[in-house]
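Note sheet for the following structure.
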Amino acid sequence: MNLNSGGGIIAAVVNPTAEGRLEYFDRAYLLWDGNGVITYFQSEPPPLEQMAHHEILLRENRVVLPGLIDLHTHLPQYEFAGIGTDELLPWLERYTYPQEARFCDDKLAEKASAAFFQSCLKNGTTTVVAYLAPFLPAAHTAFAAAEKANLRAYLGLTLMDRNVPATLVTSVAQAERNLVELLQHYHGKGKLQLVVTPRFAMSCSPDLLSLCGEFSRAHNLFLQTHISENPTEIAETLRLFPNCKSYAAVYDSHGCLHERTLLGHGIHLSEEEIALIRERAAVIVHCPLSNTFLGSGIMPYQRYRAQGLRLGLGSDVAAGYALSMLFEARQMVEVSKLLSRFSGKDERANMEQAIFQATLGNALALERPDLGSFALGKRADLIVIDDSLCDPLLGMARNAYHTLPERLSRIFYRGHPDMVREALVDGKVVFAAGS
Ligand code: GUN
Ligand code: FE
């Protein structure tokens, strides 16, 4: 294939719209140029001459979605996903900190990083925002593995300087040196971005939080952390920061709340905190699978949306026990039904909203309007799903009598990673099942 030539795909396509809905195309023609920028997207075929020098993938029986975006996950935790029964703080002590400590072994870090990014792609995630282990060599390894996997990766060395095992501690001075080094090496190189990552207020001194606030603002970086996940965590945070009125005020008073802040969880926020987070235009990242697994609670997604908060969705592996953003989207819908039942108010989210959130919604939270949906000028990041693999009759129905919304519903409820057959980033195949 000519290196400068473009590509394309013919398939059933589900496309999120700016209004937060989904458009369905039983058959669409999607073309992109040699840089992976979309040049044609219609249900009618393009003129033949427009397809010249394009390698076209014929996938007429498959369903194409934009590549999924995971706004909150933890690379070093993937290895123990599905293990553990405790609530947040004992779970961190018992499973998480010992596992993250293992990443001081470079060989383990290398193997685990490569496996993690492959698993992201296998699950249909083409853009991932992840916390890394708290060691500089392991961070270098993770950035290198992400580059090799060819996905879009927003990665942060996890910073902690108190209330965690000594091996995980980074001093403020060292944290600054590490941030400078990673910024110079990786930020903005190819599809890599550095994220400033104070783990959560409990594990950070006021000086470390201030450094994170200042560094992220000075270099226009995203900052990721956790907020208001668990009642014991909230009480402990307020005890550690006696001069702050609330958990959100802890981050705000150290410069950590801004429009590039990604706040994981945010389940138990007060009205005052919601107003503050909205004013700062920070994003709250919903992690419903994790919130269920650790028994943390149910984040009121619809209420927050109505209150004008910016929202995201993340897998939060390993408290979230799956890396699949389609599982996460499904959990978002299912917990919203339970919340409605118990609150007596209609707080239900539906499948369309959840798929929008895992694609274009997360792209907008990440200030990437060029991702998450298909339109001229956007990036050709997409996944190809074989929905016959979700069929109770093992493909016998061949989808002949199901509408595309019905097929999507079955993907949503009965889907599994094996149904993702291909993942493309910038129009290039970066994952193909069985190869
Ligand atoms: N709060 C601080 N660290 C973590 C973590 O690793 N996972 C979750 N779910 N919450 C946290
Ligand atoms: Fe998390």
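What the table below lists for this structure:
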| read-out | value |
| --- | --- |
| Residue list for region 215-239, filter: surrounded by fewer than 17 Cβ atoms within 10 Å (Cβ to Cβ) and touching a residue at least 40 places away in the same chain (Cβ under 8 Å) | 217, 220, 232, 236 |
| Failed item in (1) more than 16 Å from ligand 1 (Cβ to nearest atom); (2) within 24 Å of residue 352 (Cα to Cα), with residue 287 passing the rest | (1) |
| Unique match (being within 27 Å of residue 434 (Cβ to Cβ) and away from ligand 2 (no atom under 14 Å from the Cβ)) among 79, 93 | 79 |
| Conditions (1) in contact with a Leu (Cβ under 9 Å, 6 or more places away or on another chain); (2) in a helix (DSSP H, G or I): number failed by residue 319 | (2) |
| Boolean, residue 35 is touching a residue at least 40 places away in the same chain (Cβ under 8 Å), away from ligand 2 (no atom under 16 Å from the Cβ) and part of a loop (DSSP other than H, G, I, E, B) | yes |
| Filtered residues of region 1-32 (kept if among the hydrophobic types (A, V, I, L, M, F, W, C) and assigned to a loop (DSSP other than H, G, I, E, B)) | 1, 3, 18 |
| Set 360, 371: member being more than 16 Å from ligand 1 (Cβ to nearest atom), touching a Pro at 6+ places or on another chain (Cβ under 6 Å), among the aliphatic types (A, V, I, L, M) and under 28 Å from residue 58 (Cα atoms) | 360 |
| Single unsatisfied condition, residue 305 versus (1) crowded, with 20+ Cβ neighbours inside 10 Å; (2) within 28 Å of residue 220 (Cα to Cα); (3) within 19 Å of the chain's Cα centre (by Cα) | (1) |
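Yes/no matrix, rows are residues, columns are (1) closer than 22 Å to residue 265 by Cβ; (2) touching a residue at least 24 places away in the same chain (Cβ under 8 Å); (3) in contact with a Cys (Cβ under 6 Å, 6 or more places away or on another chain):
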residue: 188; (1), (2), (3): no, no, no
residue: 191; (1), (2), (3): no, yes, no
residue: 197; (1), (2), (3): yes, yes, no
residue: 201; (1), (2), (3): yes, yes, no
residue: 213; (1), (2), (3): yes, yes, yes
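Matching residues to (1) crowded, with 23+ Cβ neighbours inside 10 Å; (2) away from ligand 1 (no atom under 16 Å from the Cβ); (3) more than 12 Å from the chain's Cα centre (by Cα); (4) farther than 18 Å from residue 356 by Cβ:
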position	(1), (2), (3), (4)
298	no, no, yes, yes
301	yes, yes, yes, no
310	no, yes, yes, no
318	yes, no, yes, yes
334	no, yes, yes, no
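Just so you know, all these numbers are worked out from the coordinates, no wet-lab data involved. For clarity, every value in this text was computed on a predicted model and none was experimentally measured. Counting neighbours? That spans all protein chains shown, and the Cβs are built from the backbone with ideal geometry, glycine included.
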